[in-house]
Amino acid sequence: MNNNLSADVVVIGAGVSGSLLATRLAKAGKSVLLLESGPKVSRDALVERFRASAFKSDFMSPYPFSEMAPQPRYTPEPNGYLQQTGPHAFNAQYIRMFGGTSWHWAAQLWRYVPNDFRQHSQYGIGKDWPIAYDDLEDYYYQAEVIAGVGGAPDNGSPRAKPFPMDAVPASWLQQRVTDRLAPDFTVLDDCTGRNSRSFDGRPACCGNNNCMPVCPIDAQYHGGLAAAQAEASGVNIITEAVAYKLEHDIQGNIVAVWYYDWNKVSHRVTGKTFVLSANAIETPKLLLMSVSDKFPQGIANARDNVGRNLCDHPAIGVTFDVDEPIWPGRGPVSPCSIGQFRDGEFRKEHAPFRIDISNASQVASVTKELLQQGYFGKKLEEQIQFRAARRLSIKNAMEQLPDPNNRVTLSSKKDPLGLPTPELYWSVGEYEQRGAKVTRDNYDAIAAKLGATNIKHSKEGEFSNRQHITGTLSMGLDPASSVTDAFGRAHDHENLFMVGTGVMPTVGTCNVTLTAMALALRTADKILEETQHA
Ligand SMILES: Cc1cc2nc3c(=O)[nH]c(=O)nc-3n(C[C@H](O)[C@H](O)[C@H](O)COP(=O)(O)OP(=O)(O)OC[C@H]3O[C@@H](n4cnc5c(N)ncnc54)[C@H](O)[C@@H]3O)c2cc1C
Ligand code: SF4
């Protein structure tokens, strides 16, 4: 056992949230130690792993798997890491590696709309946040500058300053869909952290459509860049370090975190301030594992709120063939959205949603479909060309209301380090089912305007995850119904903070990470403000 590790601030999890916070603290002169459960792998090695993979459409395939820091996998077979107990499967995907889950994302970096922060007072449903949009506006901008975000300015989220980056030029698909859906549907540029010019030492996007699972040329911002910046700023990052227990003193302040290295050797790390950023499922797991005589239900869990209110965007989709070639597969995979259903009085009745229009290449899925239909030879080739040029795929990001019964707990199954795997209960309620019905009607209207044939809706009553996991460490004013305060500080532990999407009390209708990045920067400033004379 190594007892010598210590720092002013100990951060757990080198994803984008923890890395941004660690960088800000290190740049302000704090000694910062960051524990990361996974390995460090270069982008070149990941691109090579992607090229060698037989499962090109599986976003996890380039990312190394270790039993020592397991991550959920679904291909070729589900590995069962996340034990499901609810009526709907919560098939979360995340990466345990230096840089975290945003290695294989689409870098959609949206702001919430102001009413997302006051859902309950405005519409009588869900929860209000303990902060307002205006509290986050400047932090949103700081995060956008770091990630080089561009997008459509009038998207429902007011801005004091223009986007720091122009949007990437519209693909042919985006141009045709925008023209043909107007004026009933307004198609907007997605807000993305994707270079339209060389920026931050990285090149402009060249439109090769591989954003998920990995951008080969690094034109897209991601957590690997954030973690590298943390290291360059003086943060000591220890990889293959799996935090498994928080230790507290008699007052309940955290004094140390314990981790296993991948040889199962235990290490104790002391610090003055501790920040958990191990994502919205692994952070609650760590808190629930940290039981003691004083805290028999785990750290920060005296009122049994840790892990509750698990939310994502339950999504439904549709595919169809447009009556003209639109050429999906040229340009970024996620160029544009329809945002007009994100906010309005209808939120009293049914879930709001955003409609995401995919530009991902359809060649693989169309080929599979044609082979199943018995095509071969020249006819197969002709049909691949015909259908792949016309196939449009759309899905939504629908807001789910927080429900305390939806939750992360510890299963009885153990990983090779002897740590329990997460157990999830997830149910999609009536509010969201009504939102799904409205979405489906709009999908039909969109299909009609595009002269669609071969329309295929996703199965009624089934929802896929959009991987926007929130709520499990919910911030709030009332300790009876939340885990942290408005800065991510655990209500009962003065020197313990949490960052990442888990602290977000509601999930809104947009990809959640920009909000988590803004909150992490805000928490970093709070820690600095409180400890500057320490
Ligand atoms: C396919 C896909 C596409 C996505 N696309 C988008 C998108 O376009 N826009 C968007 O906003 N969001 C997107 N997301 C979600 C986004 O990736 C996450 O919201 C984001 O990565 C969260 O960042 P984080 O730093 O909080 O957590 P993570 O990125 O998950 O990082 C957490 C880190 O903590 C480490 N860790 C975990 N347990 C421990 C432990 N016990 N000890 C030490 N370290 C630990 C992990 O190894 C990991 O590196 C996508 C997600 C997926 C799966
Ligand atoms: S389109 Fe290509 S270059 Fe542009 S972000 Fe996606 S993968 Fe990177």
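Which of GLY18, GLN220, HIS120 sits closest to the plus end of the dipole of the chain, meaning its Cα is farthest towards the positive end, when Lys and Arg get +1 and Asp and Glu get -1 on the C-beta?
Of the options given, the answer is GLN220.
Report the longest stretch of the chain that contains none of the trypsin sites (Lys or Arg not before Pro) sitting in a DSSP loop with at most 14 other Cβ atoms within 10 Å. Walk me through the numbers on the way to the answer.
On the way: sites that count: LYS56, ARG197, LYS264, LYS294, ARG330, LYS459.
Longest run free of exposed loop sites: 57-196.
What are the ³J(HN,Hα) values, in whole Hz, obtained from phi via the Karplus relation 6.51 cos²θ - 1.76 cosθ + 1.60 with θ = phi - 60°, for each residue of the stretch 195-202 in sequence order, with x given for Gly and Pro?
5, 9, 9, 5, 7, 6, x, 10
Can you compute the charge dipole magnitude of the chain about its Cα centre, using +1 on each Lys and Arg Cβ and -1 on each Asp and Glu Cβ, nothing else charged? Give it in debye, rounded to the nearest 20.
1000 debye
Over the Cα atoms of the stretch 485-530, compute the convex hull volume and normalise it per residue, giving Å³.
62 Å³
For the stretch 280-410, what relative contact order do you get, as a whole percent, if you take Cα pairs closer than 8 Å and at least 6 residues apart?
It comes to 38 percent, rounded to a whole number.
Take the residue pairs LYS161/LYS395; LYS285/LYS414; LYS368/LYS437; LYS272/LYS526; LYS368/LYS395 and return only those whose Cα atoms are more than 24 Å apart.
LYS161/LYS395; LYS368/LYS437
Averaged per residue, what accessible surface does the stretch 426-534 expose to a 1.4 Å probe, in Å²?
Numbers: 3790 Å² over 109 residues.
Using a 1.4 Å probe on heavy atoms only, each residue of the stretch 426-534 averages 35 Å².
What is the percent of Cα-Cα separations in the stretch 121-185 that go past 19 Å?
Tail of the P(r) past 19 Å holds 53 percent of the pairs.
Scattering from the C-alpha atoms of the chain alone, worked out with Debye: what is log10 I(q)/I(0) at q = 0.10 1/Å?
Listed by q, the Debye log ratios stand at -0.77.
Treat each spin label as a single point 7 Å out from the Cα along the C-beta direction, and report the ALA54 to SER464 distance in nm.
Computed distance between label sites ALA54 and SER464 equals 2.2 nm.
Between PHE274, SER196, PRO328, whose Cα lies farthest towards the positive end of the dipole of the chain when Lys and Arg beta carbons carry +1 and Asp and Glu beta carbons carry -1, centred on the Cα centre?
PRO328
Rg (Å, one decimal) plus Dmax (Å, integer) for the alpha carbons of the stretch 220-306?
Radius of gyration, then largest Cα-Cα span, for the stretch 220-306: 14.6, 47 Å.
Once phi is turned into θ = phi - 60°, what whole-Hz ³J(HN,Hα) does the Karplus curve with 6.51, -1.76 and 1.60 give for every residue of the stretch 278-287, x standing for Gly and Pro?
8, 5, 6, 10, 6, 5, x, 4, 4, 5
Taking the dipole about the Cα centre of the stretch 375-458, with the C-beta of Lys and Arg at +1 and of Asp and Glu at -1, give me whichever of HIS457, ALA389, ASN442 is farthest to the positive side.
Among HIS457, ALA389, ASN442, the one farthest towards the positive end of the dipole of the stretch 375-458 is ALA389.
How big, in percent, is the set of alpha carbon pairs in the stretch 325-473 lying more than 26 Å apart?
44 percent
Take the solvent-accessible surface of the protein heavy atoms, probe 1.4 Å, and return the percent of it on the chain that carbon and sulfur atoms account for.
52 percent
In debye to the nearest 20, how big a dipole does the stretch 448-528 give about its Cα centre with +1 on each Lys and Arg Cβ and -1 on each Asp and Glu Cβ? Write down the numbers at each step before the final one.
On the way: 7 positive and 7 negative charges, 104 e Å.
For this selection, approximately 500 debye.
How much accessible area per residue does the stretch 1-160 have, counting only protein heavy atoms and a probe of 1.4 Å, in square angstrom? List each step's numbers first, then the result.
Numbers: 5930 Å² over 160 residues.
Heavy-atom accessible area per residue stands at 37 Å².
The values are calculated or read from the model by the stated rules, or taken from the named source; none is laboratory data. Predicted, not measured: the structure shown is a model, and the values here were computed from it. Note: ideal-geometry Cβ built from the backbone for every residue, glycine included; neighbour counts use all protein chains shown. To get the accessible areas, we keep the full protein, side chains included, count just its heavy atoms, and leave off ligands, DNA and RNA. Shrake-Rupley method; radii C 1.70, N 1.55, O 1.52, S 1.80 Å.
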